[in-house]
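Working notes for the structure below.
The values are calculated or read from the model by the stated rules, or taken from the named source; none is laboratory data. Being a predicted model, the structure only gives us computed values, none of them experimental. Here the Cβ is made from the backbone with ideal geometry for all residues, glycine too, and neighbour counts use every protein chain on show. Areas reflect the complete protein model, heavy atoms only, side chains present, ligands, DNA and RNA absent. Shrake-Rupley method; radii C 1.70, N 1.55, O 1.52, S 1.80 Å.
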Amino acid sequence: MEECSTGALVPAVKPEPKPSSIEASADPGSNDVDRPAHEKGLTEVDKDLLCPICMQLVKDAFLTACGHSFCYMCIITHLRNKSDCPCCAQFLSTNQLFPNFLLDKLLKKASARQISKSASPVEHFRQALQQGCEVSIKELDTLLTLLAEKKRKMEQEEAERNMQILLDFLNCLRKQKVEELNEVQTHLQFIKEDIGAVERRRMDLYRARDRYSVKLRMLGGDDSISGARKSWPSSIDNNTSSLSGRAGMSSWNLQSKKLDGWGLQKKDALSASDSQYMTQSGLAVARKKRVHAQFDELQECYLQKRRQMANQPYTQQERDKNVIQREGYTTGLADFQSVLTTLTRYSRMRVIAELRHGDLFHPANIVSSIEFDRDYELFATAGVSRCIKVFDFSSVVNDPADVHCPVVEMPTRSKLSCLSWNKFTKNHIASTDYEGIVTVWDVNTRQSVMEYEEHEKRAWSVDFSCTEPTRLVSGSDDCKVKVWCTRQETSVLDIDMKANICCVKYNPGSSNCIAVGSADHHIHYYDLRNPSQPLHVFTGHKKAVSYVKFLSNYELASASTDSTLRLWNVKENIPVRTFKGHTNEKNFVGLTVNGEYIACGSETNEVFVYHKEISKPVTWHRFGSPDLDDTDDDAGSYFISAVCWKSDSPTMLTANSQGTIKVLVLAA
């Protein structure tokens with residue numbers, strides 16, 4: 001059970017050892033700050049006044065028969081253990097020690113000079129009074145007057161300084177508030193312009209709807225409720241008059257039957273329209289609630305896009321084009337409307353299919369990787385069960401069977417960590433395993449096409465280039481990134497790094513640029529034409545970077561075991577946004593992206609979906625198992641281990657460490 005619920009841990013860099021206290025104390029200048037004041041003054045005193053034993057000013061100086069002076073306690077302590085002079089090593093006993101009165105007097109004078117140099121005038125005056133200096137009353141009055149004036153002057157200067165500090169604070173506050181006011185006024189101007197543009201656009205939509213309704217009535221389509229009510233009396237009158245003029249009473253009976261038929265149609269149309277209106281009204285209310293739930297994030301998104309467009313210079317031709325196409329819409333408002341639409345469209349994830357990846361004879365069921373093929377018709381899974389399984393997606397979704405058999409199975413020698421389909425050759429798929437082997441498989445023949453065994457340790461990641469079908473890149477615990485060509489048996493390029501490689505990914509718009517996630521907490525972005533140093537190193541994650549995925553040619557998403565996702569702009573080399581909500585501290589939990597959404601797993605056995613413009617989750621789904629009680633002790637040990645979007649659709653493949661695979665779809 002432990003093997004089932006515990007996956008391969010994301011590599012981490014060991015912290016460098018801190019210098020010990022012994023090494024720190026060996027620094028000759030490290031103790032200067034902590035030296036006492038009397039030692040700091042030793043450089044100013046004659047070295048002959050220092051005791052050769054304690055290397056401090058001699059205290060209670062005693063002279064030896066050989067002519068050396070020591071502190072009394074120092075020399076007595078020395079003679080208890082030895083019978084020689086510490087300076088010249090001649091025989092010495094306590095009977096050969098004599099008080100050195102001259103040195104004591106010199107030391108007292110030196111000490112007094114040191115004190116007088118550092119003493120304040122007040123201290124000098126206090127000492128003079130203590131020593132009995134005679135001062136007259138008139139002199140004391142003069143001193144008191146001077147002291148009072150000095151005190152008032154100091155108080156005045158202190159008050160002026162306090163006023164200056166207060167004034168500086170108020171000026172700074174006023175400047176900040178003026179800037180905030182200007183910013184708010186700018187925002188209000190943005191909002192005013194956009195409200196006008198939206199109102200005009202809405203009126204245009206109303207007019208267009210009315211025109212379409214008129215055309216439908218002219219073409220004999222279903223009338224709207226209001227149209228039916230308006231046209232009904234005139235049609236009755238016309239038909240009644242014409243029929244009564246021709247056939248009399250029988251025609252009237254026929255018209256009465258038609259009248260009843262039209263009444264039933266009108267009633268059915270009314271009920272259907274009311275039902276549709278109630279459904280649309282409920283959806284509108286739900287979407288408004290989603291807006292309010294993410295209001296702060298949406299506000300920041302709107303203002304950011306409007307500021308960007310306001311700061312971006314436009315040519316007159318571009319302005320005219322925008323006005324014509326969007327009826328006053330700015331590009332920033334149009335972008336925000338797209339974000340708002342996609343964000344409020346979905347509120348939950350619905351399970352449309354489920355299957356088990358493992359079998360009865362394999363207790364290890366962790367799915368390490370799950371990937372769609374080029375045409376999104378097949379998907380492959382791999383993990384610790386030492387087997388690549390390929391399933392037909394439509395069969396899994398449409399067949400209600402409890403057990404789905406793979407269309408292809410390819411056994412492997414070792415546990416697998418990653419899969420990558422070739423973007424050009426539909427039947428080719430690459431894998432990496434725990435022994436460091438990179439293998440290219442032919443799904444049709446179920447055989448390996450190429451095997452690369454240059455990695456010295458476990459390989460975590462592999463990726464085919466989107467623009468060059470023969471190129472693929474891999475990363476390993478041996479701190480090496482290797483670029484391969486399916487036409488060669490050895491690597492065509494090596495990049496040596498200082499930490500374990502957790503993930504690699506080609507830029508979808510270039511076969512020369514790759515992103516490398518490392519255990520050193522950084523993302524290294526390389527141009528393979530100059531691999532000696534990265535184009536840029538993206539820093540911000542606090543732990544190992546476990547996944548990197550490109551949303552576009554310049555948008556890069558990353559996942560880390562610091563429980564965050566981050567979005568980066570590789571064109572401008574700047575961080576864009578940080579996503580928080582899921583839990584990821586040690587395992588590979590999966591990362592997948594499409595045009596608008598980013599999804600990842602969590603160690604709480606949940607799948608989280610983020611919109612790329614909002615840092616909080618849009619929705620999440622918790623895995624459950626019909627044969628596993630939520631109160632079971634093992635229930636909390638399972639985690640999501642792989643996720644994969646089906647192109648830019650709202651459909652996603654997900655798998656967890658229990659071996660359960662679910663097909664989820666975003667729903668309103």
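Measure off, as a whole percent, the carbon and sulfur share of the 1.4 Å-probe accessible area of the stretch 418-491, all protein chains present.
Carbon plus sulfur share of accessible area: 41 percent.
Enter the accessible area of Ile76 (Å², nearest 10), with the probe set to 1.4 Å and all protein chains included.
Roll a 1.4 Å probe over it and Ile76 shows about 30 Å².
Would you list Cys74, Cys85, Cys133 from the most to the least accessible area, probe 1.4 Å?
Cys133, Cys74, Cys85
Taking a threshold of 22 Å on the Cα-Cα distance, which of the pairs Lys415/Lys543; Lys288/Lys616; Lys305/Lys612; Lys423/Lys482; Lys580/Lys646; Lys289/Lys616 fall above it? Walk me through the numbers before you get to the answer.
Numbers: Lys415/Lys543 25 Å; Lys288/Lys616 17 Å; Lys305/Lys612 14 Å; Lys423/Lys482 19 Å; Lys580/Lys646 24 Å; Lys289/Lys616 15 Å.
Those over the limit are Lys415/Lys543; Lys580/Lys646.
Using a 1.4 Å probe and counting only protein heavy atoms, arrange His621, His124 so the residue with the most accessible area comes first.
The residues order as His124, His621, largest area first.
With every protein chain kept in the model, how would you rank Asp520, Asp335 by accessible area, 1.4 Å probe, largest at the top? Show your work: numbers first, answer last.
Details: Asp520 45, Asp335 65 Å².
I get Asp335, Asp520, largest accessible area first.
Report the calculated FRET efficiency for Glu183 and Met163 (r = Cβ-Cβ distance, R0 = 25 Å), to the nearest 0.05.
Details: r = 30 Å, r/R0 = 1.20.
E(calc), rounded to 0.05, equals 0.25.
Given the protein chains as shown and a 1.4 Å probe, how many square angstrom of His292 are accessible, to the nearest 10?
That residue has around 140 Å² of solvent-accessible surface.
When all protein chains stay in place, what accessible area (Å², nearest 10, 1.4 Å probe) is found for Trp421?
The accessible area of Trp421 comes to roughly 10 Å².
Taking 0.36 nm per residue of sequence separation and subtracting the Cα-Cα distance, how much length would be gained by fully extending the chain between Cys405 and Arg307, in nm to one decimal? The partial results should precede the final answer.
Details: separation 98, 0.36 × 98 = 35.28 nm, distance 5.35 nm.
My answer for the length gained is 29.9 nm.
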